[in-house]
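Let me begin by presenting the structure, written as C-alpha cells, before commenting on it.
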Amino acid sequence: MRDNHRQSRKRRQSGIDRRTSIDRRTVMKASAALGTLAISGSALGTAGAQSLPDQPEADEDTVALQFFHREWTEIEARIPDIAETGFGAIWIQQPAEGKLDWDDLTYDGSTGHYDEVGPFGHRDHHPPLGYQPVDLENFDSSLGTEAELESLIETAHEHGIKVIVDVVLNHMANPDGPDGTVDWPQFDEDEHFHDNGTLGDDCEVDGEAADYECDLLGLPSLDVDHPEVQSAHEAYLQRVADLGADGLRYDAAAHVWPWYMQEHVNPLADDLGLWRVAEVWDEGDVDGLLEWADTGMTVFDFPLYSAIVDAFDNGSMENLSQNASPGVVHQDPSAAVTFVQNHDTVGPNVQETDDAQTVPEGREVELAEAFVLAYAGMPMIYRSGPSDHHELEDDGLSTLVQISNEYAHGNVVDRDVGVDHYVFERDGTLLAGINKGNQSESVAVETSWSDTTLVDATGNGDDLEVDASGEVTLEIPSEGYVMYVPDDDADPDPEADAVSFNSIEYAVEEGETAEVDVTVSAGEEDLEDEVTLAVDGTDSASESVCVDAESSTSVDFDVETDDLEDGEYDLTVAISDDSDTAALVVGDDEDGELTLRAMVDVGYGESVYFTGSTDELTDWGGGIEGTWSEGHVWEVTIDDPGEFEWKTRRGPSDETGDTWEDGDNHDHTDLEPDHQGWEDDSA
C-alpha cells in the first residue's frame with residue numbers, strides 16, 4: 001500500500017501573492033471558515049494503513065444539507081426540523097431574478113420549457129431554478145422575495161444553522177425565454193460577454209480558453225476580464241453577505257478563469273467572511289481539483305463520488321479503500337466536500353421515475369450516506385423527490401448525522417475491506433462497518449482500544465468487548481451498517497498490575513554495562529512484589545518493589561556483558577501477574593548497524609527526521625528522513641558509530657526537518673525513547 005506520510009502533495013502552498021495568477025498560475029490555500037463553521041473531518045490512515053491529515057481549525061460538528069426546490073418561506077418553516085435532524089448548514093439556490101418560473105420546469109409528469117427530464121426523472125424539478133440569472137441586482141425571484149430570504153437566514157441562525165448560497169458567476173440566462181427574448185439589465189450583449197460559440201459544439205477557441213470563454217450549454221459566458229463584470233459580481237457578493245449568508249457555492253466554477261477566482265472572487269469572499277465550495281466537475285483529476293482548491297476555496301469531491309457510485313452499485317467496496325479510491329479526501333480532507341448525490345448527479349442504483357410521490361432513493365444511497373457521514377471530509381447530503389421532505393423524516397439518517405457530529409473525528413484507519421464490506425476506524429472515536437452484501441458479515445479487526453466496551457451508536461448491534469490485544473469481531477448485518485463507539489457509561493475493568501521495559505532494544509559494546517530500565521505499575525490495590533530480569537531465560541537480577549495503588553515506579557537494572565559474546569539476547573522482566581520482553585544487543589550486530597526509532601504522529605505531507613552528533617546523522621547539520629510503519633513508528637538505520645547523541649526533527653517530506661523535538665538529547669544507550677513532543681507545541 002502507498003504510504004501517505006511519504007507522498008508529498010505536488011501542488012503549491014499558501015502564502016502566494018494574490019496578484020499572481022494561475023495561468024497566470026499560482027495557488028492560494030483555501031480559508032475554511034464558514035462563519036464559526038469550518039469544514040469538518042480529519043486525517044485518514046494510521047496504524048497498518050495510510051495517513052491523511054487532520055484539518056486545521058476545523059469545526060468537527062458540521063454536516064450540511066442541500067435543500068433545493070422549495071420557496072424561501074417553505075424552507076424557513078422547516079428550519080426547526082433541519083436543526084433537530086442535526087444538520088449544521090444548508091445549501092440553497094441562487095437568489096436573483098431568473099428566466100424560469102416553476103411552471104417552466106419539468107416535474108411530476110409535466111414537461112417544462114426545455115422539454116428535458118433531469119437525472120432523477122420527473123421527481124426533481126428540472127432545470128432547477130436559479131441557474132439562469134437575469135438581473136443580479138434584483139433578489140426577488142420565483143423562490144421568494146429578498147425580505148423572505150433575509151428572514152430565512154435569520155431563522156436559520158437562531159437555530160444554529162449556517163446558510164450556503166449558490167452563486168452563478170460564469171454566465172447569465174439564455175436570451176430565449178418562455179415569454180420571448182430575455183434582457184440583462186446590467187450587461188450589454190456585445191460588451192460584457194465572450195462571443196466564441198458554445199463549448200463542445202461550435203466553440204471558436206482552442207485549449208483551456210475554450211473551457212473559460214465558450215458558452216456552457218448555450219448559456220452566455222461573461223467576460224470576467226471586463227471591469228464592469230467584476231464590479232457587478234463584487235456588488236452581488238457584497239449583497240449576499242449583507243443578507244447574512246455564511247458561505248457560497250460557486251456554480252460551474254470549472255468554467256471561470258482560475259486567475260479570476262484567485263485574484264478577485266476568493267479574496268473578496270474572504271474579506272466578507274464567506275466560506276466557499278466550488279463545483280469543479282471532474283471525476284478523475286484529483287491534482288487538478290486540488291489546484292482549484294488552492295485558489296482559495298474547497299471543492300466537491302467528484303472523484304470520491306464516482307468511486308462511491310461504482311462501489312455501492314454492484315462494484316467492490318475495495319475501491320473505496322485508501323490505497324484504491326481516487327478522491328480529494330484522500331489527499332487533503334480539509335479541501336473536500338463529500339457527497340453521494342446532488343441535483344445534477346444521482347446516487348448508486350437510483351432509477352428515474354415519473355412518480356414524484358415515491359421515495360426516490362434505495363438502500364444503496366442510504367449505505368453510501370452512512371459511509372460519507374462516518375468518513376473524513378465535510379458531508380453534504382441531498383435527497384431528491386416530493387415535497388414531503390422525507391430527508392427530515394428519516395430517523396436512520398438523523399441518527400447517522402448525530403453520530404457524524406459527535407464521533408466522526410480523528411484519523412481514518414482502514415481496518416478491513418472486502419468486496420461487500422468496509423470497516424474503518426476514526427482513530428479512537430468511531431469504528432464503522434458497512435456491508436452492502438445480501439448476507440451478514442463477521443469481521444475480526446484490530447482497534448486502537450483495549451479492554452473496552454463498544455456500543456453501536458445506531459442502537460442496532462450488540463455491545464462488543466475489545467480484548468487486551470485490541471481485537472474485536474463485528475457482526476455487520478446484510479445491507480446494513482454498525483457504528484461502534486466507546487461506552488462512556490461502562491465501568492472500566494480494574495487496572496491490573498503490570499511491568500514493562502521502557503525500550504524494545506538495549507545496545508552496548510562487549511564488556512560494557514547495559515542499563516536496563518523498566519516500569520512497574522500497581523492496579524487498584526497496593527503492590528508488593530519481586531521484579532526479576534532474565535537474559536536468554538536465565539535470571540540475572542531481581543529487586544523488591546512496593547507500589548501504591550494506581551501508581552507506578554521505575555526500576556533500573558545493570559546487566560554486565562563481560563561473559564556475553566557479540567550478538568542479540570532476549571530480555572524478560574516479570575512480576576507475579578505480568579511480564580514483558582525486549583532485546584539486548586552486545587557489540588556490533590551482524591551488519592554493524594543500529595536502528596533509531598521514534599513513535600510519534602505527524603501531519604500529512606510531513607516526515608520525522610533523525611539528527612545527531614555523528615556524520616551519518618549530519619553532525620547536527622540537518623536531518624535524515626525516517627521511514628514510517630504501523631503505529632506511527634518512524635525509524636532510521638545507520639552504521640553503529642559508538643557513543644553519540646541524537647534527536648528528532650519534523651518537517652515536510654523530502655527535506656531535512658525544521659521543527660526540533662522538545663526536551664533533552666537522547667544517547668546511544670536509548671535507541672527507542674519516549675518522544676518528548678515538538679518545540680512548537682510547547683511554545
Item to check | Fewest-first sequence of Ser306, Ser321, Ser579 by Cβ atoms within 10 Å of each Cβ | outcome: Ser579, Ser306, Ser321
Item to check | Per-pair calculated FRET efficiency, R0 = 45 Å: Gln402 and Ser579 via Cβ, rounded to 0.05 | outcome: 0.55
Next on the checklist: Give me the one-decimal nm value for the distance between modelled label points at Val633 and Asp536, 7 Å along each residue's Cα-to-Cβ direction.
Outcome noted: 2.4 nm
Next on the checklist: Report D for the chain in µm² per second (integer): Stokes-Einstein, Kirkwood Rh on Cα pairs, 4 °C, 1.567 mPa s.
Outcome noted: 46 µm²/s
Checklist entry - Pulled fully out, how much extra length does the chain show between Ser442 and Glu393, if you take 0.36 nm times their separation in residues and subtract their Cα-Cα distance? => result 14.5 nm
Item to check | Förster radius 51 Å - calculated FRET efficiency between Asp179 and Asp570 (Cβ-Cβ, nearest 0.05) | outcome: 0.05
Checklist outcome for this item: Highest mean packing first, using Cβ neighbours within 10 angstrom, the peptides 467-473, 155-161 sort as 155-161, 467-473
Checklist entry - Stretch Asp287-Glu525 to full length: gain in nm at 0.36 nm per residue minus the Cα-Cα span? => result 80.0 nm
Checklist entry - Remind me, what semi-axes does the range 540-629 give for its equivalent ellipsoid, largest first in whole Å, using sqrt of 5 times each Cα gyration tensor eigenvalue? => result 32, 22, 12
Item to check | Cut-off 17 Å, label 7 Å out along Cα→Cβ of Ser478, residues of the range 425-452 by amide N | outcome: 434-443
Checklist entry - Any idea how far the Cα center of the range 537-567 sits from the one of the range 617-671, in Å? => result 28 Å
Checklist entry - Whole number please: convex hull volume per residue of the Cα set in the range 531-683, in Å³? => result 153 Å³
Checklist entry - Which is the longest part of the chain that has none of the chymotrypsin sites (Phe, Trp or Tyr not before Pro) sitting in a DSSP loop with at most 16 other Cβ atoms within 10 Å? => result 282-683
Checklist entry - Where does the longest stretch of the chain lie that holds no trypsin sites (Lys or Arg not before Pro) found in a DSSP loop with 11 or fewer other Cβ atoms within 10 Å? => result 20-683
Next on the checklist: Debye calculation, C-alpha points only, no solvent: report log10 I(q)/I(0) for the range 498-586 at q = 0.16 Å⁻¹, in the same order as the q values.
Outcome noted: -0.59
Next on the checklist: Placing unit charges on C-beta atoms (Lys and Arg positive, Asp and Glu negative, everything else neutral), compute the dipole magnitude of the chain about its Cα centre in debye, rounded to 20.
Outcome noted: 3720 debye
Item to check | Gyration tensor (Cα) of the range 412-486, equivalent ellipsoid semi-axes in angstrom | outcome: 19, 13, 10
Checklist entry - What is the order of Ile164, Ile308, fewest Cβ neighbours within 10 Å to most? => result Ile164, Ile308
Next on the checklist: Positive end of the dipole of the range 412-486, charges at C-beta (+1 Lys, Arg; -1 Asp, Glu), about the Cα centre: which of Gly418, Pro486, Leu454 has its Cα farthest in that direction?
Outcome noted: Gly418
Next on the checklist: Can you say what percent of the DSSP beta bridges in the chain, counting only those with both residues inside, are antiparallel? Round to 5.
Outcome noted: 75 percent
Item to check | All-pairs Cα distance distribution in the range 540-581, expressed in whole percent, bin size 5 Å | outcome: 5, 13, 25, 24, 14, 10, 5, 3, 0
Next on the checklist: Restricting things to Cα coordinates, could you compute the convex hull volume per residue of the range 115-172 in Å³?
Outcome noted: 129 Å³
Checklist outcome for this item: For the range 182-318, the Debye formula with one identical point scatterer on each Cα and no solvent gives log10 I(q)/I(0) at q = 0.10, 0.11, 0.12, 0.16 Å⁻¹ as -0.40, -0.48, -0.57, -0.93
Checklist outcome for this item: Expected unfolding gain across Asp101-Arg239 under the 0.36 nm per residue rule, minus the alpha-carbon gap, is 47.4 nm
Item to check | Percentage, to the nearest whole number, of Cα pairs in the range 593-682 over 14 Å apart | outcome: 59 percent
Checklist entry - For the range 505-532, list residues with backbone N below 13 Å from a point placed 7 Å from the Cα of Cys546 toward its Cβ? => result 526-529
Item to check | Label zone at His159 (point 7 Å along Cα-to-Cβ), backbone N below 11 Å, the range 376-416 | outcome: 392
Checklist entry - Between the range 325-376 and the range 126-155, what's the alpha-carbon centroid distance in Å? => result 26 Å
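The numbers here are math on the coordinates, done by the rules we state, and not lab data. Given the structure is predicted, the values throughout are model-derived calculations rather than measurements. Cβ sites come from the backbone with ideal geometry, for glycine too, and all protein chains shown count toward neighbours.
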